1. One residue is enough: does the range 88-108 have a residue meeting the conditions among the charged types (D, E, K, R), in contact (Cβ under 8 Å) with a residue 24 or more places away in the chain and open to solvent by 50 Å² or more (accessible area, probe 1.4 Å)?
2. Can you name the residue in the range 191-223 that is more than 21 Å from Pro375 (Cβ to Cβ) and within 25 Å of the chain's Cα centre (by Cα) and, of all such residues, is least open to solvent (accessible area, probe 1.4 Å)?
3. Got a sec? Which of Leu342, Leu412 is touching a residue at least 60 places away in the same chain (Cβ under 8 Å), aliphatic (A, V, I, L, M) and open to solvent by 50 Å² or more (accessible area, probe 1.4 Å)?
4. I'm told Tyr148 meets every condition in (1) touching a residue at least 12 places away in the same chain (Cβ under 8 Å); (2) within 24 Å of Ser182 (Cα to Cα) except one. Can you identify the failing condition by its number?
5. Restricting the first residue to the range 363-387 and requiring it to be at pLDDT 95 or above, which pairs with a second residue that is within 12 Å of the ligand (Cβ to nearest atom) and not in a helix (DSSP H, G or I) meet a Cβ separation below 6 Å and a spacing of at least six or different chains?
6. Within the range 277-285, is there a residue that is touching a Phe, Trp or Tyr at 6+ places or on another chain (Cβ under 6 Å), under 26 Å from Asn239 (Cβ atoms) and surrounded by 16 or more Cβ atoms within 10 Å (Cβ to Cβ)?
7. I need the full set of residues from the range 343-375 which are charged (D, E, K, R) and either touching a strand residue (DSSP E or B) at 6+ places or on another chain (Cβ under 6 Å) or more than 30 Å from Asn202 (Cβ to Cβ) (or both), in order please.
8. Quick check on the range 58-85: of everything there that is of a type in the set (Ser, Thr, Tyr) and surrounded by fewer than 18 Cβ atoms within 10 Å (Cβ to Cβ), which residue is farthest from the ligand (Cβ to nearest atom)?
Amino acid sequence: MSDTLTITDNRTGRTYELPIENGAIRARDLKQIRVDDEDFGLVSYDPAFMNTASCTSRITYIDGDRGILWYRGYPIEQVAENSSHLEVAYLLLNGELPTRDQLAAWVNEITVHTFVHENVKKFIDGFHYDAHPMSIVLSTVGALSTFYPAARNIADPATTHLQIVRLIAKMPTLAAFAYRHSVGMPYVYPDNNLSYAGNFLNMLFRISEVRYSPNPILERALDALFILHADHEQNCSTNAIRAVGSSRVDPLSAMSAAIAALYGPLHGGANEEVLRMLEGIGRKENVPEFIKKVKAGEAKLMGFGHRVYKSYDPRARFIKGIADQVFEVTGRNPLLDIALELERIALQEDYFVSRKLYPNVDFYSGLIYQAMGFPKTMFPVLFAIPRTVGWLSQWKEMVGDPEQKIARPRQLYLGAAKRDYVPIAERGVRELVNQS
Ligand code: CMC
């Protein structure tokens with residue numbers, strides 16, 4: 001048995017042997033398959049990357065059929081149970097768990113970078129009172145590159161390390177400022193004596209206390225949610241930071257592109273949409289009617305389905321456990337009953353079973369965030385804070401990968417053949433057949 005693929009081109013009768021490496025052929029090897037010398041050569045057509053690997057990676061592994069997720073080889077359940085978000089950040093970025101000293105140094109490094117330039121407050125002030133906090137965060141992260149022009153020197157490891165530290169440290173501050181702006185409250189400066197999650201709660205919710213003390217159960221729950229959201233291999237926003245970063249722009253600018261990708265309702269915006277859906281359904285008794293609409297193609301069951309998972313998302317399972325702990329403190333979110341009923345009915349229905357649609361990470365996370373006092377518009381921001389770690393780990397891997405070049409896909413041109421320009425006076429009224 002050889003690790004090759006034999007292809008016969010029935011247009012020419014010629015046979016080609018392509019090497020198979022790591023379960024893949026190289027799309028460029030298809031180029032040699034040509035009808036004649038004029039032919040560009042065969043390409044693979046894969047809109048939405050349904051079956052195309054865009055990189056090699058050693059960071060995160062997912063087996064979607066078996067509901068498995070590993071960070072650097074460690075199962076997500078073990079990491080979420082035992083680790084802290086900053087320890088996971090170290091793991092994802094560096095490949096190994098830190099020693100006690102390495103962790104202490106890393107946590108200190110992040111902590112001393114939590115403050116932002118005072119001018120950042122000024123331009124956050126300029127946003128409209130009802131600006132979506134995710135829009136504020138994505139523009140503010142892009143604007144950070146104006147404060148750190150040296151960030152464009154991505155060939156220098158010390159410079160890139162500093163940008164990574166800055167982004168991980170400042171994201172909670174920017175997120176909290178965006179929230180405080182939206183509710184008309186004064187900004188709260190970081191309290192560097194608190195943990196990463198604890199300080200974030202402080203910057204969001206402190207009012208007149210001299211010192212804010214986060215509830216330890218909510219602090220731990222938020223940290224565990226951060227761990228669960230830290231990385232998810234080549235999802236839409238990670239693909240965005242890799243593609244944009246491949247132009248060798250600075251990582252702060254590249255990360256604002258990732259935040260924009262995450263903002264969409266099919267990606268990180270889904271948790272916000274789940275809550276809107278649950279509120280729209282209103283009562284448990286209305287669930288069968290809603291499911292009927294989904295089956296008729298009139299609605300989407302937000303928080304269900306995944307491009308990769310074709311079984312239960314392991315993060316969703318863990319999040320259900322976190323929900324129980326949080327509701328002990330905050331009281332039970334009444335929308336939980338609707339969510340549980342949706343899941344119960346959906347998992348019995350052929351529509352969902354045959355399409356392998358299961359709850360994903362976003363199905364239950366919003367219920368927890370809402371119970372903790374976050375408005376719905378903050379949900380995608382709560383996703384962006386921890387995913388910063390994944391984005392930057394993937395960006396760093398991409399920049400250091402000698403096989404990576406500027407991302408530039410091919411297209412299959414189906415437009416008009418060459419034709420001569422028609423002066424405007426000679427043009428008849430023609431219907432536009434394709435306006436896209
Ligand atoms: N509700 C109803 N039908 C669905 C759903 C859903 N949530 N998701 C997929 N389907 C159907 C879809 O209509 C299609 O049916 P058919 O074969 O009859 O045309 C089939 O299932 C396959 O779906 P697809 O849209 O081809 O799958 P995809 O891999 O392109 O999309 C997805 C994946 C996550 C965008 C999609 O499942 C979806 O829109 N889900 C709801 C939004 C959501 O929860 N997003 C969060 C994803 S997890 C966290 C993250 O990545 O941010």
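1. Yes - at least one qualifying residue is present in the range 88-108.
2. Tyr196
3. Going through Leu342, Leu412 in turn, just one is touching a residue at least 60 places away in the same chain (Cβ under 8 Å), aliphatic (A, V, I, L, M) and open to solvent by 50 Å² or more (accessible area, probe 1.4 Å): Leu412.
4. Of (1) touching a residue at least 12 places away in the same chain (Cβ under 8 Å); (2) within 24 Å of Ser182 (Cα to Cα), only one is false for Tyr148: (2).
5. Partner pairs satisfying both residue conditions: Phe383/His229; Phe383/Gly268; Pro386/His229; Arg387/His229.
6. The answer is no, given that none of the residues of the range 277-285 is touching a Phe, Trp or Tyr at 6+ places or on another chain (Cβ under 6 Å), under 26 Å from Asn239 (Cβ atoms) and surrounded by 16 or more Cβ atoms within 10 Å (Cβ to Cβ).
7. Within the range 343-375, Glu343, Arg344, Glu349, Asp350, Arg355, Lys356 meet the criteria.
8. This residue is Tyr74.
The values are calculated or read from the model by the stated rules, or taken from the named source; none is laboratory data. Worth saying up front: this structure is predicted, and the values here are computed from it rather than measured. Cβ atoms come from the backbone with ideal geometry, glycine included; neighbour counts cover every protein chain shown. Heads up: the accessible areas ignore ligands, DNA and RNA and are worked out on the full protein's heavy atoms, side chains in. Shrake-Rupley method; radii C 1.70, N 1.55, O 1.52, S 1.80 Å.
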